1. Using DSSP to define loop residues, name the trypsin sites (Lys or Arg not before Pro) in the chain whose beta-carbon has at most 12 other beta-carbon atoms within 10 Å.
2. Suppose all protein chains stay in the model; what accessible area per residue would a 1.4 Å probe give for the chain, in Å²?
3. Ignoring ligands, DNA and RNA, what percent of the 1.4 Å accessible area of the chain is carbon and sulfur?
4. Please list, or write none, the aspartates and glutamates whose alpha carbon is within less than 12 Å of the alpha carbon of Lys13, excluding same-chain residues fewer than 8 places away.
5. Pulled fully out, how much extra length does the chain show between Ile61 and Arg41, if you take 0.36 nm times their separation in residues and subtract their Cα-Cα distance?
6. Would you mind calculating the relative contact order of region 9-85 from Cα pairs under 8 angstrom and at least 6 residues apart, reporting the percent as a whole number?
7. Can you put Tyr55, Tyr62 in order of accessible area, largest first, using a 1.4 Å probe?
8. Over the chain, what portion of Cα pair distances is larger than 17 Å, expressed as a whole percent?
Amino acid sequence: MNEIREVDRFECKVVNVIQNLMWKGITIEENSTKGRVYFGRVNGELNISPGDALYLGIKPIYEVEDKTMQVTLYDAENKKLDWTLV
């Protein structure tokens with residue numbers, strides 16, 4: 001079995017963008033599994049639209065309140081946009 005490493009990136013597409021006052025809430029869908037993750041604090045000044053390609057980085061963590069992975073959202077230049085625990 002292949003283990004997921006912190007440097008691995010998975011391409012995904014943006015399926016929904018919610019504009020708040022300072023932030024954007026972005027729902028992304030991983031291309032091969034069709035799994036979705038919501039990120040609620042992406043910089044509101046970034047130009048992100050449904051259909052855009054972004055990337056997920058996954059890092060296994062010790063269990064924190066039933067969460068076992070830290071999932072980070074990156075742009076094409078590998079810039080960190082937001083993170084969440086799943």
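The values are calculated or read from the model by the stated rules, or taken from the named source; none is laboratory data. Every value quoted in this text rests on a predicted model; they were computed, and no experiment measured them. No Cβ is skipped: glycine too gets one built from the backbone with ideal geometry, and neighbour counts run over all protein chains shown. The area values use the complete protein model at the heavy-atom level, side chains included, leaving out ligands, DNA and RNA. Shrake-Rupley method; radii C 1.70, N 1.55, O 1.52, S 1.80 Å.
1. Of the trypsin sites (Lys or Arg not before Pro), the ones in loops of the chain whose Cβ has at most 12 other Cβ atoms within 10 Å are Arg5, Lys34, Lys79.
2. Result: 70 Å² of accessible area for each residue.
3. That share works out to 50 percent.
4. Cα-Cα hits under 12 Å: Glu29, Glu30, Asp52, Asp75.
5. Once the chain is fully extended between Ile61 and Arg41, it gains 5.1 nm.
6. 27 percent
7. Tyr62, Tyr55
8. Percentage above 17 Å: 46.
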